[in-house]
Protein chains: 4
Amino acid sequence: MNWQSILQAVAADVAPVVGGGRVANYIPALARVPMQQFGIALATVDGEQAAAGDSHTPFSIQSVSKVLGLTLGLQALGPALWDRIGREPSGNPFNSLVQLEREEGKPRNPFINAGALCVADRLLSAHEDPTKAFNDLGCSLLGEVLAFDAEVERSERTSGFRNAALANFIKSFGQIDNDIDAVLGLYYRQCSIVSHCAGLARAFGYLANGGVQPETGQRIVSREQARRINSLMLTCGTYDAAGEFAFKVGLPCKSGVGGAIVAVVPGRMVLCAWSPGLDETGNSVAARLAMELFVSRTGLSVF
Amino acid sequence: MNWQSILQAVAADVAPVVGGGRVANYIPALARVPMQQFGIALATVDGEQAAAGDSHTPFSIQSVSKVLGLTLGLQALGPALWDRIGREPSGNPFNSLVQLEREEGKPRNPFINAGALCVADRLLSAHEDPTKAFNDLGCSLLGEVLAFDAEVERSERTSGFRNAALANFIKSFGQIDNDIDAVLGLYYRQCSIVSHCAGLARAFGYLANGGVQPETGQRIVSREQARRINSLMLTCGTYDAAGEFAFKVGLPCKSGVGGAIVAVVPGRMVLCAWSPGLDETGNSVAARLAMELFVSRTGLSVF
Amino acid sequence: MNWQSILQAVAADVAPVVGGGRVANYIPALARVPMQQFGIALATVDGEQAAAGDSHTPFSIQSVSKVLGLTLGLQALGPALWDRIGREPSGNPFNSLVQLEREEGKPRNPFINAGALCVADRLLSAHEDPTKAFNDLGCSLLGEVLAFDAEVERSERTSGFRNAALANFIKSFGQIDNDIDAVLGLYYRQCSIVSHCAGLARAFGYLANGGVQPETGQRIVSREQARRINSLMLTCGTYDAAGEFAFKVGLPCKSGVGGAIVAVVPGRMVLCAWSPGLDETGNSVAARLAMELFVSRTGLSVF
Amino acid sequence: MNWQSILQAVAADVAPVVGGGRVANYIPALARVPMQQFGIALATVDGEQAAAGDSHTPFSIQSVSKVLGLTLGLQALGPALWDRIGREPSGNPFNSLVQLEREEGKPRNPFINAGALCVADRLLSAHEDPTKAFNDLGCSLLGEVLAFDAEVERSERTSGFRNAALANFIKSFGQIDNDIDAVLGLYYRQCSIVSHCAGLARAFGYLANGGVQPETGQRIVSREQARRINSLMLTCGTYDAAGEFAFKVGLPCKSGVGGAIVAVVPGRMVLCAWSPGLDETGNSVAARLAMELFVSRTGLSVF
């Protein structure tokens, strides 16, 4: 297929909704991102690339970084990572604290904040310098160190009372080993990673390619671990809209409140779309529609 | 591939765990089913069939019938079915009542009991004789009327206090229109449907074939509705183990406490395995392992 | 003190708020009660009586009947009544189902609906004819059989889905022995008892008099049981406003959505006020204010 | 009555259970308190004092300090204190986080930890030096500055993850104004106050005396505020056993995990008993029994 023309057609079709929704406003650095932006890019396992719109405009990847954290966690600990983190959907956000209580501080999955905090805790135990581990992973995936937005990191830190509540609550069950501030610090650092659509489409190539990064041939995770990550993205990757994504997109996806959505087509490619305006489930309005249109045009759904 | 030999190999490999787990014991009719039984069968969209073990032994399909109910609901109401039923995973069972309260009597999805009761209510409004509707669907799918186990139906009715609690609770929000006893009656009737592995593998062929029953060419649901059902099976079809199934099996599955698991390979086939012993999540120990082994041998996972 | 003039002054002071609030509208028989009514009456342990306003106008006593049910339960079972019913405040109504789940079908106290249903179940086991037991108690307390409002009873029955949900949920834990319909039937019957302020002030005299009915000298419950009932009324008797009542009234109180509030002054008297308009906690606006004014004028608070 | 001989008789009667239960073990400073200790003391509004057992042995007053915090809060803010803190029982501890979520960060009452943290926040805003405010109150009540146990304070701080979770969670709703560490610091400081039975019985005299400290005639709180505190102690002062205390003791009580229980007899006296062993509700086994025996011997219950 002519990926370039498909992405251009998708970009044209979503234009009417770009600027719709609401930008994440819990920190100023996100609140002031102009909403009239949309980018999309893909990278196939065979090395093809295509892009349309603001495909190289940098943005805060936010929760998309949970996939990187999980990748590092599986690299460092293998199956032992799951001793303290579940792998099941969590129902609505309201449940998280009740579930943590009932399940004695074991978060339901690594893509809810509670789970990502536990992953960060494990990375702090496994790596002397976990920020360096993120950077090394960035180099493996993209050939360059990661960029961090210091203002975003600082803002998250000073306004992240709910994350601090989660971390303290989990630690009260003895399920976090490291200092709370260190855990939160690493978590906010990974949330502040900056990238763009073209970069993320390349970076996550290993998830479409059985764990091996297509550009370099380097194994990032095992085939089984890649499948594990993909299945978690499909069942838990898009907040409280995972069921709708499974139906309408039918691909493993991970979204972030910065407006990015990454989708994996197993065996084929990775796709990334971005636009800052969010719907009420915290997913980008335009990026979500772009994913649906792409799948509808190409038939590249797993179902 | 030689499906027959693959199924025989799978049956041989699961033999050591057949008889493990615990049989559903909340009603006598299920509690006395001998545990030393295992069957497996498949039917491809091209008309191939294969089977091994107790593939023609009848059993109570229980919650697998929720797929039939959903199919009838989509046939009768189309998208209006979703006015009163969500399409998202529900987290752990404990949440169901809390979620129903918060979401004002709208169950999270049609595969939890609360959701299936709402589907039954809609079928009662849509069909003068909903049992006949099930039978007509059975004829379309299998060329024969359905068999019901009257003892199972009676037992469910006399011991189903939690289902009665759910139905009354939902009705207190005005989200059930019909008489509670009629709703519960239809629900227990569908739970009491009797079939076998070979039958179920043929019956659900339309889910692997874009909505068209392979044997007859009859359209059962639209292509979009078939995708919807498949995605719901993957995210919500196996109780509190949907995340594990998504990873280890990687196919849309629906299980029942009678010990059956049905799996759809989109575009290819439907598979059904059965063995009465259940694990602590309510899924058959041996049928679950059989699904994992089948996928592992054939690579037929969506991820 | 001159009780008569005190009650008249209270009635005059509450006049401006009579008609405020909202009448209970979940059943027609309650919804059409004229709101411009207010009555108040008291009966001392020494035999004095006083009354003002619509003190002899009959009304549906609703949850005030839970005190009668508890009295019968303690008479029949003694401390064994508490095997299945707790004695602690329950927090807000939202919790009831979650608490029932966590506490395995044991309601928090006999004054929430779940608890009253359990009491009704125990009465069904203890008495061949529980309605007769209520009537016998009525004769002991007032010298006359009770009046029931058949329309209220019927309406409760046909619209009481939430109560039916509670009863079925409790039975699913094995904490209700009798048939659900019988339990609900007795519960709705007791809710439909009709009385008036002067009657209720006399009827509950035993709670102010160490368990002995003042008019007849008949022991109704033990001194200890009377204290138990009073303490439960203070901590749990007025729905989600028990803390406010404890502060502003400072007496054991039980309210009903018919608009009645009964208050016990231990060692002194029983007071009953009534007006149909309810506040958002389900307590009568005018009767509640009347209790506060009475306590403020007389200093008859326990604190 | 001869208070001295009554307290001695009570002390003799509880001797068999002294040493029973379990000492609070979440911090070492509490865990190593010898369990074979029991003290009791009273001080009447007329200036009589009596004591028995280890009535002058110092202990950590822990949650009894919440009454002092509430007193300071009412002094500083009056009714505005209730803008952010409710006055109703909270049900079981499990509910606290769910309730905080539903009630948007407004704790149910000032005697649960969440509520005491909010009080501490308000004191930080109202007083330049809140520790000095506690000390000034101590001087007013006892004629001496308070003693603090620095080790207890330090231990609470380093192990108080659940309190930190609560404080962060409340702040995420904007219901805490000050820095989290400052709020927790003040809270842990007040928990570390050291006193003894004779001291606490004198200190809380104002609650039995309409708000005026009996020894000095100084008004500490208004009459209405004293009633408010007493009613809160009765409905919410003893964790999840408030209903049992209301029945068996029938007096406003506040307990702490250090083993102390303070009880107010309105218009008469304050009583304090102490013994380190706790029952499963967190109340001192022997002090609780002592309260029951005292009430049973003297009839000094409000019911």
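The values are calculated or read from the model by the stated rules, or taken from the named source; none is laboratory data. These numbers come from a predicted model, not from an experiment. Positions of Cβ are generated from backbone atoms using ideal geometry, with glycine treated the same way; all protein chains shown enter the neighbour counts.
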Do you know which residues across the stretch B:126-152 are free of Cβ contacts under 8 Å to residues at least 60 places away in the same chain and assigned to a strand (DSSP E or B)?
-> B:F148
Among the residues of the stretch A:102-115, how many are part of a helix (DSSP H, G or I) and surrounded by fewer than 18 Cβ atoms within 10 Å (Cβ to Cβ)?
-> 1
Check A:C191 against each of (1) over 24 Å from B:F303 (Cβ atoms); (2) within 10 Å of another protein chain (Cβ to nearest Cβ); (3) of a type in the set (A, V, I, L, M, F, W, C) and name the one condition it does not meet.
-> (2)
Residue count, the stretch D:88-115 (criterion: under 20 Å from C:V98 (Cα atoms), polar (S, T, N, Q) and either touching a His at 6+ places or on another chain (Cβ under 7 Å) or in contact (Cβ under 8 Å) with a residue 60 or more places away in the chain (or both)) | 3
Would you check if there is a residue in the stretch D:93-112 being at pLDDT 95 or above, away from every other protein chain (no Cβ under 14 Å) and out of contact with any Asp or Glu (no Cβ under 8 Å at 6 or more places or on another chain)?
-> no
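Can you report the number of residues in the stretch C:164-179 which are aliphatic (A, V, I, L, M) and assigned to a loop (DSSP other than H, G, I, E, B)?
Residues that pass the stated criteria total 1.
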In the stretch A:225-274, which residues are assigned to a loop (DSSP other than H, G, I, E, B), over 22 Å from A:S55 (Cα atoms) and touching a Ser or Thr at 6+ places or on another chain (Cβ under 6 Å)?
-> A:G250
Might you check whether a residue that is touching a strand residue (DSSP E or B) at 6+ places or on another chain (Cβ under 9 Å), away from chain B (no Cβ under 12 Å), in a helix (DSSP H, G or I) and polar (S, T, N, Q) occurs anywhere in the stretch A:47-64?
-> yes
Residue that is surrounded by the most Cβ atoms within 10 Å (Cβ to Cβ) [pool: residues in the stretch D:171-221 that are without any contact (Cβ under 8 Å) to a residue 12 or more places away in the chain and of a type outside the set (D, E, K, R)] | D:V212
Would a scan of the stretch A:166-178 turn up a residue that is away from chain D (no Cβ under 14 Å), aliphatic (A, V, I, L, M) and in contact with a Gly (Cβ under 9 Å, 6 or more places away or on another chain)?
-> no
From D:R228, D:R219, grab the single residue that is over 15 Å from the mean Cα position of the chain (by Cα) and of a type in the set (D, E, K, R).
-> D:R219
Over the stretch C:277-303, the set of residues over 15 Å from D:P266 (Cβ atoms) and assigned to a loop (DSSP other than H, G, I, E, B) is C:G277, C:D279, C:E280, C:T281, C:G282, C:N283
Keeping to the stretch C:65-86, report how many residues are more than 30 Å from C:V145 (Cβ to Cβ) and either polar (S, T, N, Q) or in a loop (DSSP other than H, G, I, E, B) (or both).
-> 1
Residues of the stretch D:2-22 being in contact with a helix residue (DSSP H, G or I) (Cβ under 6 Å, 6 or more places away or on another chain) and either part of a loop (DSSP other than H, G, I, E, B) or within 30 Å of A:S172 (Cβ to Cβ) (or both), in sequence order, are D:V18, D:G20, D:G21
Single match in D:I261, D:I220 (criterion: modelled with pLDDT of 95 or more and closer than 16 Å to D:F59 by Cβ) | D:I261
Checking B:G256, B:G250 in turn, the sole residue that is more than 14 Å from every other protein chain (Cβ to nearest Cβ), under 25 Å from B:E88 (Cβ atoms), among the small types (G, A, S) and in contact (Cβ under 8 Å) with a residue 12 or more places away in the chain turns out to be B:G256
Selection within the stretch B:179-216 - out of contact with any helix residue (DSSP H, G or I) (no Cβ under 8 Å at 6 or more places or on another chain) and of a type in the set (D, E) = B:D179, B:D181
With respect to B:G138, determine if the residue is within 14 Å of chain A (Cβ to nearest Cβ) and buried (at least 19 other Cβ atoms within 10 Å of the Cβ).
-> no
Six or more apart or on different chains, Cβ under 7 Å: which pairs go from a residue in the stretch B:65-87 that's under 13 Å from B:Q225 (Cα atoms) and within 13 Å of another protein chain (Cβ to nearest Cβ) to one that's assigned to a helix (DSSP H, G or I) and at pLDDT below 95? Could you list them?
-> B:R87/A:G243; B:R87/A:E244; B:R87/A:F247
How many of the residues in the stretch B:97-113 are touching a helix residue (DSSP H, G or I) at 6+ places or on another chain (Cβ under 8 Å) and either closer than 9 Å to B:I85 by Cβ or not hydrophobic (A, V, I, L, M, F, W, C) (or both)?
-> 9
Here the qualifying pairs (Cβ atoms under 8 Å; residues six or more apart or on different chains; first in the stretch B:25-38 and small (G, A, S); second surrounded by 16 or more Cβ atoms within 10 Å (Cβ to Cβ) and part of a loop (DSSP other than H, G, I, E, B)) come out as B:A29/B:D149; B:A31/B:V23; B:A31/B:A24
Which residues, counting only those in the stretch A:199-221, are within 14 Å of chain B (Cβ to nearest Cβ) and either under 18 Å from A:L77 (Cα atoms) or basic (K, R) (or both)?
-> A:G211, A:V221
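Just for the stretch A:222-247: of the residues that are touching a strand residue (DSSP E or B) at 6+ places or on another chain (Cβ under 8 Å) and touching a residue at least 60 places away in the same chain (Cβ under 8 Å), which one is nearest to the other protein chains (Cβ to nearest Cβ)?
My answer is A:L234.
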Mind checking which residues of the stretch D:153-170 are touching a residue at least 24 places away in the same chain (Cβ under 8 Å), among the polar types (S, T, N, Q) and closer than 18 Å to D:V119 by Cβ?
-> D:N163
Does the stretch C:116-125 include one or more residues that are touching a residue at least 60 places away in the same chain (Cβ under 8 Å), surrounded by fewer than 24 Cβ atoms within 10 Å (Cβ to Cβ) and within 14 Å of chain D (Cβ to nearest Cβ)?
-> no
Could you tell me which residue of the stretch D:154-163 is nearest to the other protein chains (Cβ to nearest Cβ), considering only residues that are part of a helix (DSSP H, G or I) and farther than 16 Å from A:E101 by Cβ?
-> D:S159
Taking the condition among the β-branched types (V, I, T), away from every other protein chain (no Cβ under 14 Å), more than 21 Å from A:T235 (Cβ to Cβ) and under 20 Å from the mean Cα position of the chain (by Cα), does A:T44 pass?
-> yes
Would you point out which residue out of B:P34, B:P89 is under 22 Å from B:G282 (Cα atoms), in a loop (DSSP other than H, G, I, E, B) and more than 20 Å from the chain's Cα centre (by Cα)?
-> B:P34
